[in-house]
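To start, the structure itself, in structure tokens.
The values are calculated or read from the model by the stated rules, or taken from the named source; none is laboratory data. Given the structure is predicted, the values throughout are model-derived calculations rather than measurements. When we count neighbours, we look across all protein chains shown, and the Cβ atoms used for this are built from the backbone with ideal geometry, even at glycine. Calculation scope for accessible area: heavy atoms of the full protein, side chains included, ligands and nucleic acids excluded. Shrake-Rupley method; radii C 1.70, N 1.55, O 1.52, S 1.80 Å.
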Amino acid sequence: MKDTAIEFRQVSKKFKGAGKPAVSDVSLTIREGEFITILGSSGCGKTTLLKMVNRLYEPDSGEILLFGKPIAKENPMELRRKIGYVIQQVGLFPHMTVAENVSIVPKMLKWEPGKIKERVEALLTMAGLDPEQYGKRYPRQLSGGQQQRVGLARALAADPKILLLDEPFGALDAITRSVLQDELLKVHQEMPKTFLLVTHDINEALKLGNRILVMNEGKVCQFGTPREIVQHPEDPFVETLIRSAREQERLWEELL
Amino acid sequence: MIQYLTRHYDDLLRALAEHLQILAVTLVFSLLIAAVLTILAVYFRRFGEALIQIFSVIYSIPSLALFALLIPLTGLGMTTTVIVLTAYNQYLLLGNFTAGIFGVDSGVTEAARGIGMSTFQILVKVQIPLAKKALFTGIELSVVSTIGIATIAAMINAGGLGTLLFDGLRTMNFNKIILGSILSAVLALGVNAVLKCLEKRLES
């Protein structure tokens, strides 16, 4: 049994002016090295749940622990520097080169320049971008898929134990998305890190996750392996999700 | 007119120098105050919005009226002029500065926050470099506006190119009126050209 990486204890969050809570009484445990996908339709609270892990949002009640330590006691900036963060809009800094973008967190953590350079080269190579060729380019000179590769490299730069990904492939075309999903799986296999990925795409959730957290209206519907979710849906919402995915599959069968 | 120029060039130069002095002093105060207020607006957004509202009201008061209102407090001359011009500039500077900074792509600022930058680091390392264009627009507008409105300050004894214009009007001396107008236009265009050069250089 591996150590607990992330633990939610009765976490709730309601936004001002909203009728219902975005996240309602969520308790769960994620082990170190797991790849968790959080699946749900928009507005189900999946992004809110993710953003509470690096304190971009604060819970109204309950607490979140990383490796046994409550995060509420940590300095939010220092906490975030220890957690990788990837978002759908990528959010690379357009006025900085690819290499500068990747080196930003190690620089904030005051790593030695030599070590930073080495790390940037290793990460760009891992992301499939030749450091010589791409390091000095600016984000606008890259394709959408290449930009998200750099986004991933930036998130991994300071070797975080936890990586949060908020619909990282949502804005990419189907082929690029599939290639990047495979690469992300490879990265996860090579590095013993805990990944938390938010998606509304059931196929993506099933393909990437060791376990899938299905959410609806701020609550956890089911938390289990892809097989458990597909074979034993515990909740009407999960059943509906699987049925809709099956219907798409049937469309394919008919066309073939 | 050429005769006038050769005979009175020292007067013209003095007026020009005074005008430049008003411009320089006003800009130093305007930029310092606008910088502080912009930083406050980044931390307290509501406060920033309220400030812009207030300065827009001040901006809508005619300069002559504002000069007249301040004379009992700060008297005639340079001090009153600089206060009024600086107050006008806040609307142009703060408006453009905050619009530029808050206009930076929200994905970029969210990523910056998510990787652990402080509000101040985001401002200095991300928002200001990306809002450079809007910052310059604000400065250029305030320079041109200051040069223009400063001519009216001659009415309250602040000197500058406005003295040529008002003297010319009073004595129906067209040479003075035309030369005063040309000089203030040339000054505005010249300073603007210098700023544009600076902007280009900073961009590359």
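Among the residues of segment B:86-111, just one is aromatic (Phe, Trp, Tyr) and surrounded by fewer than 21 Cβ atoms within 10 Å (Cβ to Cβ), namely B:Phe102. I need the full set of residues from segment A:168-184 which are closer than 20 Å to A:Val214 by Cβ and open to solvent by 30 Å² or more (accessible area, probe 1.4 Å), in order please. Of everything in segment A:168-184, just one residue is closer than 20 Å to A:Val214 by Cβ and open to solvent by 30 Å² or more (accessible area, probe 1.4 Å), namely A:Gly170. Restricting segment A:93-106 to residues that are at the interface with chain B (Cβ under 7 Å from one of its Cβ atoms) and open to solvent by less than 20 Å² (accessible area, probe 1.4 Å) leaves a set whose member that is nearest to the chain's Cα centre (by Cα) is A:Val105.
Using the structure shown, decide if A:Thr225 is touching a strand residue (DSSP E or B) at 6+ places or on another chain (Cβ under 9 Å) and of a type in the set (Ser, Thr, Tyr). So A:Thr225 fits the description; yes. Tell me yes or no: at least one residue of segment A:131-143 is touching a helix residue (DSSP H, G or I) at 6+ places or on another chain (Cβ under 7 Å), without any contact (Cβ under 8 Å) to a residue 60 or more places away in the chain and within 14 Å of chain B (Cβ to nearest Cβ). Within segment A:131-143 (the criterion being touching a helix residue (DSSP H, G or I) at 6+ places or on another chain (Cβ under 7 Å), without any contact (Cβ under 8 Å) to a residue 60 or more places away in the chain and within 14 Å of chain B (Cβ to nearest Cβ)), the answer is yes, since at least one residue qualifies.
Within segment A:117-164, track down each residue that is open to solvent by less than 30 Å² (accessible area, probe 1.4 Å) and either touching a Cys at 6+ places or on another chain (Cβ under 8 Å) or not aliphatic (A, V, I, L, M) (or both). Explain how you work it out, then say what you get.
Keep residues of segment A:117-164 that are open to solvent by less than 30 Å² (accessible area, probe 1.4 Å), which gives A:120, A:123-124, A:127, A:129, A:135, A:139, A:142, A:145, A:148, A:150-158, A:160, A:162-164.
Those that are open to solvent by less than 30 Å² (accessible area, probe 1.4 Å) and either touching a Cys at 6+ places or on another chain (Cβ under 8 Å) or not aliphatic (A, V, I, L, M) (or both): A:Gly135, A:Pro139, A:Gly145, A:Gln148, A:Gly151, A:Arg154, A:Pro160.
Screening the candidates B:Val124, B:Val104 for the property of being under 30 Å from A:Glu100 (Cα atoms), within 14 Å of chain A (Cβ to nearest Cβ), of a type in the set (Val, Ile, Thr) and part of a helix (DSSP H, G or I) yields one hit, B:Val124.
Mind checking which residues of segment A:121-165 are hydroxyl-bearing (Ser, Thr, Tyr) and in contact with a strand residue (DSSP E or B) (Cβ under 7 Å, 6 or more places away or on another chain)?
At the first step, the residues of segment A:121-165 found to be hydroxyl-bearing (Ser, Thr, Tyr) are A:125, A:134, A:138, A:143.
Residues satisfying the conditions do not exist here.
Say whether the condition of being touching a residue at least 24 places away in the same chain (Cβ under 8 Å), within 24 Å of A:Ser244 (Cα to Cα) and touching a Phe, Trp or Tyr at 6+ places or on another chain (Cβ under 7 Å) is met by at least one residue in segment A:180-189. Yes - at least one qualifying residue is present in segment A:180-189.
Scanning segment B:177-204 for residues that are closer than 22 Å to B:Gly77 by Cα and without any contact (Cβ under 8 Å) to a residue 40 or more places away in the chain turns up B:Ile177, B:Ser181. For A:Leu79, the criteria (1) open to solvent by less than 50 Å² (accessible area, probe 1.4 Å); (2) in contact (Cβ under 8 Å) with a residue 40 or more places away in the chain; (3) under 30 Å from A:Val120 (Cβ atoms) hold in every case but one, which is (2).
Here A:Val90 does not fit the description of being modelled with pLDDT of 95 or more and either more than 18 Å from the chain's Cα centre (by Cα) or within 11 Å of another protein chain (Cβ to nearest Cβ) (or both).
Would you check which residues across segment B:29-85 are farther than 30 Å from B:Gly103 by Cα, open to solvent by less than 30 Å² (accessible area, probe 1.4 Å) and among the polar types (S, T, N, Q) and list them? Correct list: B:Ser63, B:Thr80, B:Thr81.
Summed over segment A:29-50, the residues that are open to solvent by less than 10 Å² (accessible area, probe 1.4 Å), over 11 Å from the mean Cα position of the chain (by Cα) and β-branched (Val, Ile, Thr) give a count of 1.
To keep it simple, each residue is scored yes or no on (1) within 22 Å of B:Leu31 (Cβ to Cβ); (2) more than 14 Å from chain A (Cβ to nearest Cβ); (3) modelled with pLDDT under 95; (4) in contact with a Pro (Cβ under 7 Å, 6 or more places away or on another chain).
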residue	(1), (2), (3), (4)
B:Phe55	yes, yes, no, no
B:Leu66	yes, yes, yes, no
B:Pro72	no, yes, yes, no
B:Gly75	no, yes, yes, no
B:Leu85	yes, yes, no, no
B:Gln90	yes, yes, no, no
B:Leu94	yes, yes, no, no
B:Phe97	yes, yes, no, no
B:Ala112	no, no, no, no
